[in-house]
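Everything below concerns the one structure shown next.
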Amino acid sequence: MNKSKTESKKSYPLIFWLILVLIPVLVILLLEIVLRLVDYGSELDLVTETTIQGTSYYKINESVAKRYFSGSEQVIPEARNDLFLKEKTERTYRVFCMGGSSTAGWPFLYNATFPSLFKDRLQLDFPDKNIEVINFGISAVNSFSVLDLIGDLKNYQPDLFVIYMGHNEFYGALGVASTRKIGNSRSIIKLYLNLQKIRLVRFIRNIIRSLKQQLADKQQQGESRTLMQQMIGNKYIRYHDSEYRTAMSHFRQNLGEIIQTLNDANTPVLVGTTVSNLSDFKPFKSLYSETFSDTSSWNEFFAQGKQAEDMADYETALYFYEQAAELDTMPAKVYFHSGRCYESLGDFKKARAHYRRARDFDALRFRTSSEFNEIIKQECARRSVPCVNVEEYFEQQSPNGLIGNELILEHLHPNVIGYLRIAEAFYNKLRSSHLRNEAGKEWLSDVEWLSRAHITDLELEIANIRIQQLTSRYPFEKKVALREPDENAGYEAYLQKIAGRVLNENMPFNDACYALAEYLIDNGRPERAETYYQALIKIRPMNYYPYLYLGNVLFAQEKIVEAEEAYRHSLKRSRHLPFAYAKLGLIYLSDNRPERAVEILKQAIEISSNTNQLKAADKANMYYLLGTAYAQTSRFNEALETTRRGIQMYPSDQRLRVLKQKIEMAIRMGR
């Protein structure tokens, strides 16, 4: 009996327990390896690889924002699809721009964004450099996302980081008041982001996301919300309440870690303060203090102040507003209206202070408060990196130092000139901090700068539709329009149609540009068409197609020098363009350079014989041009042989026959 009990209590060897523990670990590792081998979960990777005309590039993964969203949203913002060289060259200067929707350039798509304008300025001063300014701005993300992305991006050989963030710390993904929060613990949020790098975690997350999406589809059927509406969790946050302080703490720690990470990697960084509309945008929401109860007295003082303000009795209005503020300092609207009064009285310093306070106390926190900008200044100073005081720069560029509709579209997104000012502020700081000894143009007018931007009517109209869609819904009270209609009614109607197709039918932006350029050419406005081709060149400078079309429209306007340059650029990007060679040959003939024309046209014919790109008439024309070029260089036998071959291949071409007769006559006459 005792022996039996002893046997039942027999202990297992240590190896047994090790195997018991290792089996699930090995299973997890095996699953992770399999998922990586089949490339599962790559939709959350930061970049993908692509090849254009034999050159390898990294391309921003447009779906990378899914890292920060649960999948049940109606709208998940996409990153831009910017490209940068996989093998960085010595002459490449690479800049990564980080932040939220303002960095992305919302509501603009491409050339009106501040990273694009920043690149224009750099390229002007350093024409021999390959300037890469890569826009990693993503709408509705905050400092947690930027910290996560920078952890990866520092390994892609950047020369500079440009950071403009802060507006999304409350409602942005993972923010303290966002519908996409996962708690208020910074450690847990960072752990969650790090776990996203494990493919097995992505697999489990996608299963949960799929289930949530099915539930969301049922709940949201027939409902349409903007991304801004979608992100609001806890709607209202009082100044300095617990969530406000948590957001401030997270922002300070995240920004500090971002700067330290880049300092440790010896990568320069510029961090900008954020800017918002102060004088022309009243607070979204005013709240009383939680413990305040005498709201009737407060409302009475405020109403009396508003009545006096409406009657332009600003001194009396200020008296009543001050009385209201003495009862309760929390409601933001009292500061906004006080700012209006001080502005009307010409006391712009006090007006600015009250407008700032109105923004800071706005309980619907889509605009960065003053304290967040102070954190940016403090963390930059603490870690010895340049701070770009964008807000101060906007004040310097605004009437009476009051930032309003002159530079901002609604509450915080700049207009074209506003984005130009952000680019200018960062560029000026770059020149004074990191490029002090480099040559360059010290000052550039807005007209000169924007002439290089190639901002199309299409980009402006798309932005116009987007801003009107946003401001026609909660929490806005007034719809904003961005542009005036074109004076040509037919073009305006077609422009609106094409812009609608880009937004609603996923028409590619480049196809839309080509369609509008063709419309303008067909309707006798080729000079306006040029902008569309130039815009596409700026967006994708490695593509030959827009250069080819630009050359055609320039040639048609007899802008021969510019056309030659465009055709040459197209051939640098692809050596297999017989049409471009033929056009260059024609240019050389018309410019009395027949020897050069012979060389180019021979290439055109050689390439055209191996392609179906051209019609028979176009190929016949190449033989005609080459025969003419030979004749102009007095190489009549070669000219005759060329025309004979052309006629043999295209017997119906009368120009070749006439040219052949002229050459034969020249030979008989001994010329």
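For the chain, take the longest principal axis of its alpha carbons; what is the angle in degrees between that and the long axis of helix 199-219, to the nearest 10 within 0 to 90? Its long axis makes an angle of about 80 degrees.
Taking 56 Å as R0, compute the FRET efficiency from the Cβ-Cβ separation of D280 and M669 and round it to 0.05. Provide the component values of the computation, followed by the final result.
Details: r = 81 Å, r/R0 = 1.44.
The pair D280/M669 has a calculated efficiency of 0.10.
Average accessible surface for the chain: 48 Å² per residue, computed with a 1.4 Å probe over protein heavy atoms with every protein chain in place.
Using the Cβ-Cβ distance between E599 and M507 with R0 set to 35 Å, the FRET efficiency works out to roughly 0.30.
For A556 and S451, the difference between the fully extended length at 0.36 nm per residue and the C-alpha to C-alpha distance is 35.6 nm. Considering the dipole of the chain built from charges on the beta carbon (Lys and Arg +1, Asp and Glu -1) around the Cα centre, which of A324, P526, L589 is farthest to its positive end? It is L589. Helix content alone sets the calculated 222 nm mean residue ellipticity of the chain: runs of n ≥ 4 DSSP H residues at -39500 (n - 2.57) each, divided across all residues, give -18000 deg cm²/dmol. Legend: translational diffusion of the range 118-211 by Stokes-Einstein, Rh = Kirkwood radius over C-alpha pairs, 37 °C, 0.692 mPa s; D = 209 µm²/s. Determine the shape class of the range 442-518: with a ≥ b ≥ c the square roots of the Cα gyration tensor eigenvalues, call it rounded for a/c under 1.5, and otherwise prolate if a/b is greater than b/c, oblate otherwise. Oblate is the answer for the range 442-518, as a/c is 1.5 or above yet b/c matches or exceeds a/b.
Taking 1 over the mean of 1/r across every pair of different Cα atoms in the range 84-162, what Kirkwood radius in Å do you get? It would help to have the intermediate numbers written out before the result.
Working: mean 1/r = 0.0765 Å⁻¹.
Every distinct Cα pair counted, the radius reaches 13.1 Å.
Given a Förster distance of 35 Å, report the FRET efficiency between T89 and A616 from their Cβ-Cβ distance, rounded to the nearest 0.05. Taking R0 as 35 Å, the efficiency between T89 and A616 is 0.25.
By its C-alpha gyration tensor, with a ≥ b ≥ c as the square roots of the eigenvalues, how is the range 533-612 shaped: rounded for a/c under 1.5, else prolate for a/b larger than b/c, else oblate?
Details: a/c = 2.31, a/b = 1.25, b/c = 1.85.
Oblate, because a/c is 1.5 or more while a/b does not exceed b/c.
The local environment of A620, defined by Cβ-Cβ distances under 12 Å, has a net charge of +3 under the rule Lys, Arg +1 and Asp, Glu -1.
To put it simply, the accessible area of the range 234-328 at a 1.4 Å probe is 44 percent carbon and sulfur.
Going through the cross-link list K602/K662; K66/K197; K282/K333, which pairs have a Cα-Cα distance over 18 Å in this structure?
Details: K602/K662 21 Å; K66/K197 12 Å; K282/K333 7 Å.
Exceeds cut-off: K602/K662.
If you take all other residues with their beta carbon under 9 Å from the beta carbon of Y342, and give Lys and Arg +1 and Asp and Glu -1, the sum is +2.
With charges only on Cβ, +1 for K and R and -1 for D and E, what is the dipole size of the range 523-671 about its Cα centre, in debye, rounded to 20? Kindly include the intermediate steps, with their values, before the conclusion.
Values: 24 positive and 15 negative charges, 45 e Å.
Result for the range 523-671 is approximately 220 debye, rounded to the nearest 20.
Here the range 384-469 is treated as an ellipsoid with the same Cα gyration tensor; its semi-axes, largest first and in whole Å, are 26, 18, 12. Separation of the range 473-509 and the range 273-314, taken as the distance between their Cα centroids, equals 35 angstrom. Electrostatic bookkeeping for E641 treats Lys and Arg as +1 and Asp and Glu as -1; over the other residues with beta carbon under 14 Å from its beta carbon, the sum is +3. The charge dipole of the range 271-393, taken about its Cα centre with unit charges on the Cβ atoms of Lys, Arg (+1), Asp and Glu (-1) only, comes to about 620 debye. Residue farthest toward the positive end of the dipole of the chain, with Cβ of Lys/Arg at +1 and Asp/Glu at -1: which of Y236, T273, T226? It is T226. Protein heavy-atom surface of the range 450-609, 1.4 angstrom probe: 47% of the accessible area is carbon and sulfur, with nucleic acids and ligands not counted.
When a/c reaches 1.5 or more, the comparison of a/b and b/c decides; with that in mind, is the chain rounded, prolate or oblate per its Cα gyration tensor? Could the numbers behind the result be given before it?
Numbers: a/c = 2.47, a/b = 1.46, b/c = 1.69.
Oblate, since a/c reaches 1.5 and b/c is not below a/b.
In the chain, taking the dipole from charged Cβ atoms about the Cα centre, the farthest positive-side position among Y474, I131, L444 is held by I131.
The values are calculated or read from the model by the stated rules, or taken from the named source; none is laboratory data. Everything quoted here is computed from the prediction, not taken from an experiment. Here Cβ is always computed from backbone atoms with ideal geometry, including for glycine, and neighbour counts include all displayed protein chains. With ligands, DNA and RNA removed, areas are computed over all heavy atoms of the protein, side chains included. Shrake-Rupley method; radii C 1.70, N 1.55, O 1.52, S 1.80 Å.
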